[in-house]
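Okay, structure first, notes after.
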Amino acid sequence: MPEGDTVWRAARALDRALSGRVLTRTDVRVPAYATWDLAGAHVVETVSRGKHLLTRIDGELRWTLHTHLKMEGGWRVLRPGQRWPRPAHTARVVLETADAVAVGFALGIVEFVARDDEDSIVGHLGPDLLGPDWDADEAVARLQEHPDRAIKEALLDQTRLAGIGNMYASELCFISGVAPQTRVGDVADLSRIMARAHQLLDQNRHRAVQSTTGDLSRGRNLWVYGRGGRPCRRCGTRIVETETGDEGRRRVTYQCPSCQPA
Ligand SMILES: [Zn+2]
């Protein structure tokens with residue numbers, strides 16, 4: 001599942017390629033929009049809100065194209081005629097201008113809403129870690145509304161704060177020396193975790209490789225995520241990998257039992 005910084009990079013790529021341009025061809029490969037043609041409409045901008053992408057398009061009406069990468073999705077910006085990097089049958093949206101083709105592959109959500117109804121999509125989100133209105137105090141207050149929840153699950157709840165996925169949730173617990181199962185009410189310093197979360201996403205949004213350790217080389221860039229059974233980088237204890245969540249929403253959690261005692 002992509003993290004907020006990955007979504008922010010996708011928004012920036014779309015924004016740079018399409019904003020201010022007129023669409024010359026569109027293809028929305030979702031049954032509800034199969035007959036839609038936005039050729040001639042004008043792309044205003046693309047922004048991210050948490051893990052949601054909002055592409056604002058003005059035609060006869062003011063639309064917002066809402067897309068979400070979910071598990072496997074990705075947007076690619078290509079030159080006209082350039083070979084697509086993923087199979088054509090996985091494409092869900094094609095937005096073409098005179099000098100760019102943006103293709104959304106395997107998107108989890110594709111829908112159009114009226115511009116004035118954007119709140120119906122993103123109004124439920126907590127403060128956005130990469131938004132201009134990031135508010136750490138508000139995020140802490142929202143986390144504290146449910147003191148009995150496990151901290152890692154709470155960090156993933158986009159209505160508390162928006163932008164954290166499974167990788168950052170595990171990494172933040174490690175960096176903070178907190179076991180993922182710890183009750184939110186028992187976490188000593190939520191503000192510090194918020195500050196660290198903001199710092200990590202803010203730094204990594206400009207990098208091709210996400211790093212929480214400060215080391216940008218692949219294989220050394222993360223503390224615990226994806227490292228089950230291997231030695232902790234701090235203390236050498238084996239990293240424990242556990243599966244949590246319901247069927248269909250399983251998530252793997254990584255933890256050093258020594259650095260993050262239960
Ligand atoms: Zn350790």
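The numbers here are math on the coordinates, done by the rules we state, and not lab data. All values reported here derive from a predicted model rather than from experimental measurement. Neighbour counts run over all protein chains shown; Cβ positions are idealised from the backbone, glycine included.
Key figures
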| read-out | value |
| --- | --- |
| Crossing angle, helix 166-175 versus the chain [Cα axis fit, 0-90 degrees, rounded to tens] | 30 |
| Tilt relative to the chain, helix 190-204 - C-alpha long axis, 0 to 90 degrees, to 10 | 50 |
| Förster radius 35 Å - calculated FRET efficiency between Ala262 and Gln203, Cβ distance, rounded to 0.05 | 0.75 |
| Assigned charges on the beta-carbon of Lys, Arg, Asp, Glu; region 74-147 dipole about Cα centre (debye) | 880 |
| Segment Glu60-Arg86, length gained on full extension (0.36 nm per residue, minus Cα span) | 6.1 nm |
| Estimated distance in nm for a label pair at Ala195 and Arg16, the labels positioned 7 Å out from Cα along Cα-to-Cβ | 3.2 |
| Positive-end residue of Leu61, Pro80, His42, charge dipole of region 32-89 with Cβ unit charges | Pro80 |
| Length added when fully stretched, Ala39-Asp117, from 0.36 nm per residue minus Cα-Cα | 25.8 nm |
| Computed label-point distance, nm, for sites Arg220 and Ala188 using a 7 Å Cα→Cβ extension | 3.0 |
| Magnitude of the charge dipole, region 13-78, Cβ model with Lys/Arg +1 and Asp/Glu -1, debye to 20 | 240 |
| Tensor-based shape of region 1-40 (alpha-carbon gyration tensor, a/c under 1.5 rounded, otherwise prolate or oblate) | oblate |
| Dimensions in Å of the chain - Rg and Dmax from alpha carbons | 19.9, 62 |
| Potential extension, Lys70-Glu138 segment - 0.36 nm per residue separation minus Cα distance | 21.9 nm |
| Spatial separation of Cα centroids for region 207-262 and region 8-27, in angstrom | 35 |
| For the chain, size of Cβ-based charge dipole, Lys and Arg +1, Asp and Glu -1, in debye | 1360 |
| Computed Kirkwood radius, in angstrom, where 1/r is averaged over Cα pairs of region 35-146 | 15.7 |
| Computed over region 194-262, the ratio Rg/Rh where both radii use C-alpha atoms and Rh is Kirkwood | 1.01 |
| Shape call, region 144-262: gyration tensor on alpha carbons, a/c limit 1.5 | rounded |
| Degrees, to the nearest 10: 4-18 long Cα axis against longest axis of the chain | 20 |
| Expected 222 nm ellipticity per residue - DSSP helices of 4 or more, -39500 (n - 2.57), all of the chain, to 500 | -6500 deg cm²/dmol |
| Region 37-72 versus region 148-195: alpha-carbon centroid distance in Å | 31 |
| Which of Ser258, Val178, Ala154, positive extreme of dipole for the chain (C-beta unit charges) | Ser258 |
| Charge dipole of region 116-262 about the Cα centre (unit charges at C-beta), most positive-ward option of Thr242, Val140, His124 | Thr242 |
| Whole-Hz ³J(HN,Hα) from phi, Karplus 6.51 cos²θ - 1.76 cosθ + 1.60, for region 215-224, glycine and proline x | 8, 8, 7, 4, x, 10, 8, 10, 7, 10 |
| Distant-in-sequence amide H partners of Gln255 (H built 1.01 Å from N, under 5 Å) | Val240 |
| For Leu69, residues with placed amide H under 5 Å, excluding near neighbours | Gly108 |
| Packing-based order for 88-97, 168-177, using average beta carbon neighbours within 10 Å, highest first | 168-177, 88-97 |
